[in-house]
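Encoded as structure tokens, the structure appears first; notes follow it.
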Amino acid sequence: WALLFILVVYGLIGMWDDSIKIFHHQNEGFKAWQKALCQVIAAMVFTVIYQHEGFQMGFGTSQVGWWYGLFIIFWIVGFSNAVNLTDGLDGLVSGLSIISFLAYLIIALVNINQPGYAEIALFCLAMIGTLCGFFPYNHKPAKIFMGDMGSLAIGASLAAVSLLLHHEWSLLVIGIVYVCETASVIMQVASFKLTGKRIFKMTPIHHHFELCGWSEWKIDIVFWGVGLIASIIAVASILIFNI
């Protein structure tokens, strides 16, 4: 129920934002602070559910109490926006998120006897099936776009899955492409503010490669490959070394 809550509510936030752009013919939907506020409130509700259901408020064996609650909010809001930033090319996020959910499906299945892991595995399987059905219409040339509705829901759901599996940090590896896309934007803005110079031709970084002459398909395939290799490393590390 916690996963469904995050999926639906973040999807509704994105849908509202998309509908403002479409039906009111605006380049922007929500103002940045409005979208951020909605995301934070939704993550806070998830945190309350998480604590109420008795999940550990800490990393590993260490309990950190309400500090972990702040981490949950940061993690969900952060990755929902990271995936949203990545969604700039046909098929890029749909392909990457299939790989990401597949990695977490394997982790959940290996530990299927843990309380709640069967439900998490079922959720990941449902997301993979949905995305596989969506991908033929989303790859270049795309007939359907996921918009903020899809990308915010996917990013928040991945963060929630990593939290409920108690492998939070694995998302930094499994979601390495989302992390790099976000880091490129932060670096670009910081560099321009401080020095007046740009590090990349354009951010998020997939646009940099576009301007370097890469085709959308080449960027997709390379980024999917990076995501797949990173996911294999993350899953292998968890299964073999239990980290």
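A few notes on this one:
- For TYR117, TYR10, order by how many other beta-carbon atoms lie within 10 Å, fewest first: TYR117, TYR10
- Relative contact order [Cα under 8 Å, 6+ residues apart], the range 107-243, whole percent: 21 percent
- ³J(HN,Hα) computed for each position of the range 153-166 - Karplus, 6.51 cos²θ - 1.76 cosθ + 1.60, integer Hz, glycine/proline x: 5, 5, x, 5, 5, 4, 4, 5, 4, 4, 5, 5, 7, 6
- Taking the number of Cβ atoms within 10 Å of each Cβ as an exposure proxy, the fewest-first ranking of ILE112, ILE20, ILE205 is ILE112, ILE20, ILE205.
- Integer Hz, Karplus 6.51/-1.76/1.60 couplings in order for the range 123-135, x for Gly and Pro: 4, 4, 5, 5, 5, 4, x, 4, 5, 5, x, 7, 4
- Note, ³J(HN,Hα) from phi for the range 223-234, Karplus 6.51, -1.76, 1.60, rounded to Hz, x at Gly and Pro: 5, 4, x, 4, x, 5, 4, 5, 5, 4, 4, 5
- The chain: relative contact order as a whole-number percent, Cα under 8 Å and 6+ apart: 25 percent
- Geometric extent, Cα atoms of the range 84-137 - Rg, Dmax (angstrom): 12.5, 39
- Ranked by how many other Cβ atoms sit within 10 Å of their own Cβ, fewest first, the residues THR86, THR182 fall in the order THR182, THR86.
- Cα shape, the range 22-130, gyration tensor, a/c 1.5 rule: oblate
- Once C-alpha pairs closer than 8 Å and six or more residues apart are averaged by separation and normalised to the residue number of the range 63-152, the relative contact order reads 37 percent.
- Against the rule of thumb 2.2 N^0.38 Å, how large the Cα Rg of the chain comes out: 1.01
- The range 137-226: C-alpha gyration tensor shape, a/c 1.5 cut-off, then a/b vs b/c: oblate
- Sequence-distant aspartates and glutamates (8 or more away, or on other chains) whose Cα lies within less than 18 Å of LYS35: ASP17, ASP18, ASP87, ASP148
- Legend: translational diffusion of the range 99-183 by Stokes-Einstein, Rh = Kirkwood radius over C-alpha pairs, 10 °C, 1.306 mPa s; D = 116 µm²/s.
- Per-peptide packing, taken as the mean over residues of other Cβ atoms within 10 Å, places 219-225, 184-190 in the sequence 219-225, 184-190 from highest down.
Every number here is computed from the coordinates shown, using simple stated rules; none is lab data. Everything numeric in this text was worked out from a predicted model, so none of it was measured. Neighbour counts run over all protein chains shown; Cβ positions are idealised from the backbone, glycine included.
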